[in-house]
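To keep things clear, I will list the structure first and then write my remarks on it.
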Amino acid sequence: RLIAICDISADTGGSIEFMTECTTIDNPFCMYDADQHITHDSVEGSGILMCSIDNLPAQLPIEATEYFGDMLFPYIEEMLLSDGSEPLESQNYSPVVRDAVIASNGSLTPKFEYIQKLRENREHAQSLKMGDKKKVLLLGSGYVSGPVLEYLTRDSNISITVASIMKEQLEQLTKKYRNVTSVHMDVVKHEEKLSSLVKKHDLVISLLPYSAHPLVAKKCIDSKVNLVTASYLTPAMKDLQEIVEAAGITVISEMGLDPGLDHMLAKECIDKAKEVGATVVSYTSFCGGLPAPEHSDNPLRYKFSWSPQGVLLNTVQSATYLKNGEIINIPAGGALLDSVTPMDFFPGLNLEGFPNRDSTKYAEPYGIQTAHTLLRGTLRYEGYSKTMGGFVKLGLINPDPSPLLSSTTSSLTWKELMCKLVGIQPPAEYNVLKEAVFSKLEKNKSQLEAVEWLGLLGDEPVPAADSIVGALAKHMEMKLPFGTGERDMIVMRNEIGLRHPSGHLEDKFIDLVVYGDNKGYSAMAKTVGYPTAIAAKMVLDGEIDAKGMVIPLTKNVYGPILERVRAEGIMYSTRSVIKQ
């Protein structure tokens, strides 16, 4: 059994590929866990001991140096008098020196000709790998597709097909990026065409709504093609685990911002803490995509930089989290909006936060079962939740198919729909409807102002949709877009409480704040698109080769991605507070 390796070359990422950092005289050994691809300072547990001290010769005793010099000295004269321009055979070398010569007169010596064979084998493998272009299928052409295409098309050996229902967006993308072709189609409704497309590609990136991912995953399984998405690993996707593994493919989920970068920043901190023997006692993470403060001038204090319907539905989801050892369950239907907490870690931003889905399920994958508090949440500007609460009261955040939106009522106006929702006969006078809505909102003036501001009491037509929330999402997308020159902002705060072996406590704070570019990509597009593209490139290049369902919780995945997103200008900061 291999117990230890001493790498005297001290060449990081060189002859020993997993030696990524030199050890030191004071701490000469580290432990590499090959199962988890994690290197940690402790020499306890499973793994291989690594020693790779770059200044190790400085520690040799003087007797060793003197002995080496005494052994070398007899050969110094013949080496100094040799002529490197002459062939090795003509040199009057002793056997010791002759056997030590690797190259002479521009050629490898006979004992070292194997080096050329190694080079040729490596170059042959690389040429086979690069012989044909790698083919990527991108499903969706929305907000985050730009950074994905921009990153991947830097490699001229990658060709990309974009499939989307949005014809104008497709035309813009194919004009802007090289090596990109487009297919205008409804991916969900044309399964046979989707199957045919998937077969022709080496990797699929899905930027579609999460509900479409199981369908896409099944097509990838059938054709044994790898898949990358930025969305949550939902139960429907988890159910495919066994057949994904049987197909021998990689399916990566949660590779965006939240989920995605939040996981990676948390795991980087948690893994470093464990290396020094600390345990995690609490973990809290809040993240939100927002308009920059100067552009938050509407009753929601919000504008849309990604799926509007997804944003609305998140407010009526159930949520579960752990607080001081107690599991808190919030039922679906809008109770989430009553669990809002002011967030003052950036006092100038006037933020609020509420829990997001089931936080407790991350205890095991994060390896923080010791935590008494575990909470992941969503950030918004103060006032957002109160306004959304008004829409819930009115029945506007309803995802169920609605008979009120049947094809026979294609000319339905918001005024008529609101009459039906509050139980009065249309048509009604404006003031009568307004009073009925005000009553339904329990006399909340700010909620009524939001309804009026959005024109929901007027004669604008209700957009065609299967559900009321779908219609509202389309309406809001028209009312609350980012205008020309306006920018969005991403705010993330991770707080991790640690207990060290000495007993003292430490709080780690990780902050990520990213602004969109006025004439470039939005902050949301950058923080979702670049991690997704980087992960896809890692799969194409063989850096990620694990089979089955993968999320970015291991160092060999999150380490390179965090390094590479920093190179794209996505910067984060960390600080610590020691407690007695």
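The values are calculated or read from the model by the stated rules, or taken from the named source; none is laboratory data. Small disclaimer: the values here were computed from a predicted structure and weren't measured. Cβ sites come from the backbone with ideal geometry, for glycine too, and all protein chains shown count toward neighbours. Just so you know, the surface numbers come from the protein's heavy atoms only, side chains and all, with ligands and any DNA or RNA stripped out. Shrake-Rupley method; radii C 1.70, N 1.55, O 1.52, S 1.80 Å.
Which number in (1) at pLDDT below 80; (2) more than 30 Å from K167 (Cα to Cα); (3) part of a loop (DSSP other than H, G, I, E, B); (4) not hydroxyl-bearing (S, T, Y) marks the one condition that E123 misses?
With (1) at pLDDT below 80; (2) more than 30 Å from K167 (Cα to Cα); (3) part of a loop (DSSP other than H, G, I, E, B); (4) not hydroxyl-bearing (S, T, Y) applied to E123, the lone miss is (3).
Tell me the residue from I510, I544 that is of a type in the set (A, V, I, L, M) and assigned by the TED database to the domain that holds L208, please.
I544
Could you grab me the full set of residues in the range 77-97 that are under 57 Å from the mean Cα position of the chain (by Cα) and more than 13 Å from T109 (Cβ to Cβ)?
Within the range 77-97, M79, S85, V96 meet the criteria.
Across the range 179-235, what is the total count of residues that are of a type in the set (G, A, S), touching a helix residue (DSSP H, G or I) at 6+ places or on another chain (Cβ under 6 Å) and open to solvent by 50 Å² or more (accessible area, probe 1.4 Å)?
1
Here are some conditions: (1) of a type in the set (D, E, K, R); (2) surrounded by 14 or more Cβ atoms within 10 Å (Cβ to Cβ); (3) under 25 Å from the mean Cα position of the chain (by Cα). K361 meets all but one. Which one does it not meet?
Against the list (1) of a type in the set (D, E, K, R); (2) surrounded by 14 or more Cβ atoms within 10 Å (Cβ to Cβ); (3) under 25 Å from the mean Cα position of the chain (by Cα), K361 comes up short only on (2).
Considering each residue of the range 143-158, count those that are aliphatic (A, V, I, L, M) and assigned to a loop (DSSP other than H, G, I, E, B), and give that number.
Here the count works out to 1.
Provide a single number: the residues in the range 379-389 that are outside any loop (DSSP other than H, G, I, E, B) and either on the phi > 0 side of the Ramachandran plot or in contact with an Asp or Glu (Cβ under 8 Å, 6 or more places away or on another chain) (or both).
Count: 6.
Mind checking which residues of the range 1-20 are in contact with a Cys (Cβ under 8 Å, 6 or more places away or on another chain) and open to solvent by 40 Å² or more (accessible area, probe 1.4 Å)?
Step one: of the range 1-20, the residues in contact with a Cys (Cβ under 8 Å, 6 or more places away or on another chain) are 4-7, 10, 12.
Of everything in the range 1-20, those that are in contact with a Cys (Cβ under 8 Å, 6 or more places away or on another chain) and open to solvent by 40 Å² or more (accessible area, probe 1.4 Å) turn out to be A4, C6, T12.
Looking at W453, W414, which is the one that is aromatic (F, W, Y) and open to solvent by 90 Å² or more (accessible area, probe 1.4 Å)?
Going through W453, W414 in turn, just one is aromatic (F, W, Y) and open to solvent by 90 Å² or more (accessible area, probe 1.4 Å): W453.
Quick test for you: out of S282, S296, S305, pick the one residue that is modelled with pLDDT of 90 or more, among the polar types (S, T, N, Q) and in contact with an Asp or Glu (Cβ under 8 Å, 6 or more places away or on another chain). Show your work before the answer.
Details: S296 fails: in contact with an Asp or Glu (Cβ under 8 Å, 6 or more places away or on another chain); S305 fails: modelled with pLDDT of 90 or more.
That would be S282, the only listed residue that is modelled with pLDDT of 90 or more, among the polar types (S, T, N, Q) and in contact with an Asp or Glu (Cβ under 8 Å, 6 or more places away or on another chain).
Here are L138, L173: which of them is of a type in the set (A, V, I, L, M, F, W, C) and assigned to a helix (DSSP H, G or I)?
L173
Within the set of pairs 6+ apart or on separate chains, which have a first residue in the range 334-352 that is under 19 Å from V311 (Cβ atoms), a second that is of a type in the set (F, W, Y), and C-beta atoms under 6 Å apart?
Taking only residues 6 or more apart or on different chains, the pairs are L336/F354; S339/F354; V340/F354.
Please specify each residue of the range 252-295 satisfying the condition of being assigned to a loop (DSSP other than H, G, I, E, B) and surrounded by fewer than 20 Cβ atoms within 10 Å (Cβ to Cβ).
Once the filter is applied, which keeps residues that are assigned to a loop (DSSP other than H, G, I, E, B) and surrounded by fewer than 20 Cβ atoms within 10 Å (Cβ to Cβ), the range 252-295 yields V276, G277, A292.
With the condition kept exactly as written, say whether any residue in the range 486-501 is under 30 Å from I249 (Cα atoms), not assigned by the TED database to the domain that holds F345 and not acidic (D, E).
no
Please give the number of the condition V392 fails out of (1) in contact with an Asp or Glu (Cβ under 6 Å, 6 or more places away or on another chain); (2) within 30 Å of P355 (Cβ to Cβ).
In the conditions (1) in contact with an Asp or Glu (Cβ under 6 Å, 6 or more places away or on another chain); (2) within 30 Å of P355 (Cβ to Cβ), V392 misses (1) alone.
Being among the aliphatic types (A, V, I, L, M), in the same structural domain as P463 (by the TED database) and out of contact with any strand residue (DSSP E or B) (no Cβ under 9 Å at 6 or more places or on another chain) narrows it down to one of L300, L313, L322, L351, so name that one.
Values: L300 fails: out of contact with any strand residue (DSSP E or B) (no Cβ under 9 Å at 6 or more places or on another chain); L322 fails: out of contact with any strand residue (DSSP E or B) (no Cβ under 9 Å at 6 or more places or on another chain); L351 fails: out of contact with any strand residue (DSSP E or B) (no Cβ under 9 Å at 6 or more places or on another chain).
Selected residue: L313, the only one of L300, L313, L322, L351 that is among the aliphatic types (A, V, I, L, M), in the same structural domain as P463 (by the TED database) and out of contact with any strand residue (DSSP E or B) (no Cβ under 9 Å at 6 or more places or on another chain).
For every residue, the table says whether it meets (1) over 26 Å from K200 (Cα atoms); (2) out of contact with any Leu (no Cβ under 8 Å at 6 or more places or on another chain); (3) among the basic types (K, R).
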{"site": "S223", "(1), (2), (3)": "no, yes, no"}
{"site": "T234", "(1), (2), (3)": "yes, yes, no"}
{"site": "M237", "(1), (2), (3)": "no, yes, no"}
{"site": "E242", "(1), (2), (3)": "no, yes, no"}
{"site": "V251", "(1), (2), (3)": "no, no, no"}
{"site": "D258", "(1), (2), (3)": "yes, yes, no"}
{"site": "L261", "(1), (2), (3)": "yes, no, no"}
{"site": "L265", "(1), (2), (3)": "yes, no, no"}
{"site": "E268", "(1), (2), (3)": "yes, no, no"}
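For I510, are the conditions met, namely being in contact with a helix residue (DSSP H, G or I) (Cβ under 9 Å, 6 or more places away or on another chain), in a loop (DSSP other than H, G, I, E, B) and among the hydrophobic types (A, V, I, L, M, F, W, C)? Even if it seems obvious, please write down each step before you answer.
Numbers: in contact with a helix residue (DSSP H, G or I) (Cβ under 9 Å, 6 or more places away or on another chain): yes; in a loop (DSSP other than H, G, I, E, B): no; among the hydrophobic types (A, V, I, L, M, F, W, C): yes.
No: the conditions fail for I510.
Given the condition open to solvent by less than 10 Å² (accessible area, probe 1.4 Å), assigned to a helix (DSSP H, G or I) and not basic (K, R), answer yes or no: does some residue in the range 518-526 qualify? Give the steps one after another, and end with the answer.
Let us first name the residues in the range 518-526 that are open to solvent by less than 10 Å² (accessible area, probe 1.4 Å), namely 523, 525.
Filter once more, so that each one left must be assigned to a helix (DSSP H, G or I): 523, 525.
Add one more test, that the residue is not basic (K, R), and what stays is 523, 525.
Checked against the condition, which is being open to solvent by less than 10 Å² (accessible area, probe 1.4 Å), assigned to a helix (DSSP H, G or I) and not basic (K, R), the range 518-526 yields at least one hit.
Which residue is modelled with the highest pLDDT, if the candidates are limited to the range 417-426 and must be surrounded by 13 or more Cβ atoms within 10 Å (Cβ to Cβ) and in a loop (DSSP other than H, G, I, E, B)?
Here the residue is I424.
What's the number of the only condition in (1) within 27 Å of L257 (Cβ to Cβ); (2) open to solvent by 10 Å² or more (accessible area, probe 1.4 Å) that G470 fails to meet?
The single condition G470 does not satisfy is (2).
So which of E460, E435, E442 is over 43 Å from the mean Cα position of the chain (by Cα), open to solvent by 70 Å² or more (accessible area, probe 1.4 Å) and either at pLDDT 90 or above or of a type in the set (G, A, S) (or both)?
Testing whether each residue is over 43 Å from the mean Cα position of the chain (by Cα), open to solvent by 70 Å² or more (accessible area, probe 1.4 Å) and either at pLDDT 90 or above or of a type in the set (G, A, S) (or both) leaves just E435.
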